[in-house]
């Protein structure tokens, strides 16, 4: 189905029943409303923003990466796209994508040249890289859960466990850095590269880890008693988690401080974007949504 494009016009704001409680404690900017930017997709995922604030996201079943910009609107960036899932821009403006169909990580240049970064661990295919976060030095972490896909010709996970992996900046060293997660999904790190947050969706827990200089994870601690599909972080240290109700916002102590309701069956993922990286973009089922916040995204591209 062809997407239906919505422009940012006051008449297209969602009704108050779909909004968060916009009070002094809310993370939402004063008078902001949730806006639907586009609809008609099969299932949206993986939002991430480039340095200009353009948001790239996936329409996974339709095998394409889309791009949304405030002035040019919606365009198709790449199709086919390896049925990309989670994505993140590196410091050089390259898009790192979890190519779900290929159970691989892809490096995609601005001119759409694709390189396979990794697709196996210890001689066996990965389960299905789901979400990725890239440190400013070029090293990265990704989750590798197993969700049976109709485009695979197997129904059992290639790996013996579902965990988080570290890949060095030179792409020469791939390590499994967790051992005890149930089904890790979304992950995000702090811009200084010292802390990683991992949402274990099946265990309904989100964990924080210290990142050692070598890229290992240490000092595992509970960040909040909630799992998540996607996840992002603002400059105040608040985490944005997704699921059936919309976007749940947790403060640095693990307390819920806001809920941004989204009128879709499932809210999959979130990312900050826009020219000042203070707009939260939300991929939810068949739509792309946005809402202005008080705070900037912690990992705003430079």
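Hey, does region 210-226 have a residue that's touching a strand residue (DSSP E or B) at 6+ places or on another chain (Cβ under 9 Å) and closer than 24 Å to residue 101 by Cβ?
Looking for residues that are touching a strand residue (DSSP E or B) at 6+ places or on another chain (Cβ under 9 Å) and closer than 24 Å to residue 101 by Cβ, one finds none in region 210-226, hence no.
Is it the case that residue 243 is surrounded by fewer than 20 Cβ atoms within 10 Å (Cβ to Cβ), closer than 14 Å to residue 45 by Cα and in contact with a strand residue (DSSP E or B) (Cβ under 7 Å, 6 or more places away or on another chain)?
yes
Could you count how many residues in region 172-189 are part of a loop (DSSP other than H, G, I, E, B) and buried (at least 17 other Cβ atoms within 10 Å of the Cβ)?
Residues of region 172-189 part of a loop (DSSP other than H, G, I, E, B): 172-173, 177-183.
Among the residues that remain, those that are also buried (at least 17 other Cβ atoms within 10 Å of the Cβ) are: 177-178, 181, 183.
Going through region 172-189 one residue at a time, the tally reaches 4.
Across region 192-216, what is the number of residues that are within 17 Å of residue 297 (Cα to Cα) and outside any strand (DSSP E or B)?
Number of matching residues: 3.
Tell me the strands (runs of 3 or more DSSP E) entirely within region 22-66 that contain at least 2 residues that are surrounded by fewer than 18 Cβ atoms within 10 Å (Cβ to Cβ).
Hits in region 22-66: none.
State whether one or more residues within region 256-274 are in contact with a strand residue (DSSP E or B) (Cβ under 8 Å, 6 or more places away or on another chain), modelled with pLDDT of 95 or more, within 18 Å of residue 191 (Cβ to Cβ) and in a loop (DSSP other than H, G, I, E, B).
Among the residues of region 256-274, at least one is in contact with a strand residue (DSSP E or B) (Cβ under 8 Å, 6 or more places away or on another chain), modelled with pLDDT of 95 or more, within 18 Å of residue 191 (Cβ to Cβ) and in a loop (DSSP other than H, G, I, E, B), which makes the answer yes.
Are any of the residues in region 191-199 surrounded by 17 or more Cβ atoms within 10 Å (Cβ to Cβ) and without any contact (Cβ under 8 Å) to a residue 40 or more places away in the chain?
Checked against the condition, which is being surrounded by 17 or more Cβ atoms within 10 Å (Cβ to Cβ) and without any contact (Cβ under 8 Å) to a residue 40 or more places away in the chain, region 191-199 yields at least one hit.
Quickly run through region 94-129 and pick out the residues that are within 17 Å of the chain's Cα centre (by Cα) and under 15 Å from residue 169 (Cα atoms).
Correct list: 94, 95, 96, 105, 106, 107.
Scan region 248-255 and give yes if some residue there is modelled with pLDDT of 95 or more, part of a strand (DSSP E or B) and within 16 Å of the chain's Cα centre (by Cα), otherwise no.
yes
In region 279-302, which residues are at pLDDT 95 or above, part of a loop (DSSP other than H, G, I, E, B) and surrounded by 21 or more Cβ atoms within 10 Å (Cβ to Cβ)?
So in region 279-302, the residues at pLDDT 95 or above come out as 279-298.
Adding the requirement that they be part of a loop (DSSP other than H, G, I, E, B) leaves 285-286, 294-296, 298.
None - no residue of region 279-302 is at pLDDT 95 or above, part of a loop (DSSP other than H, G, I, E, B) and surrounded by 21 or more Cβ atoms within 10 Å (Cβ to Cβ), so the list stays empty.
Residue check, residue 5 against (1) in contact with a strand residue (DSSP E or B) (Cβ under 6 Å, 6 or more places away or on another chain); (2) closer than 25 Å to residue 234 by Cα; (3) modelled with pLDDT under 95, all met but one. Which one?
(2)
Taking region 287-302, which residues are touching a strand residue (DSSP E or B) at 6+ places or on another chain (Cβ under 6 Å) and either farther than 17 Å from residue 27 by Cα or free of Cβ contacts under 8 Å to residues at least 12 places away in the same chain (or both)?
Initial filter on region 287-302 (touching a strand residue (DSSP E or B) at 6+ places or on another chain (Cβ under 6 Å)): 287-293, 295, 297-298, 301.
Of everything in region 287-302, those that are touching a strand residue (DSSP E or B) at 6+ places or on another chain (Cβ under 6 Å) and either farther than 17 Å from residue 27 by Cα or free of Cβ contacts under 8 Å to residues at least 12 places away in the same chain (or both) turn out to be 287, 288, 301.
The values are calculated or read from the model by the stated rules, or taken from the named source; none is laboratory data. Being a predicted model, the structure only gives us computed values, none of them experimental. Quick reminder, even Gly has a Cβ in these numbers, built from the backbone with ideal geometry, and neighbours come from all protein chains shown.
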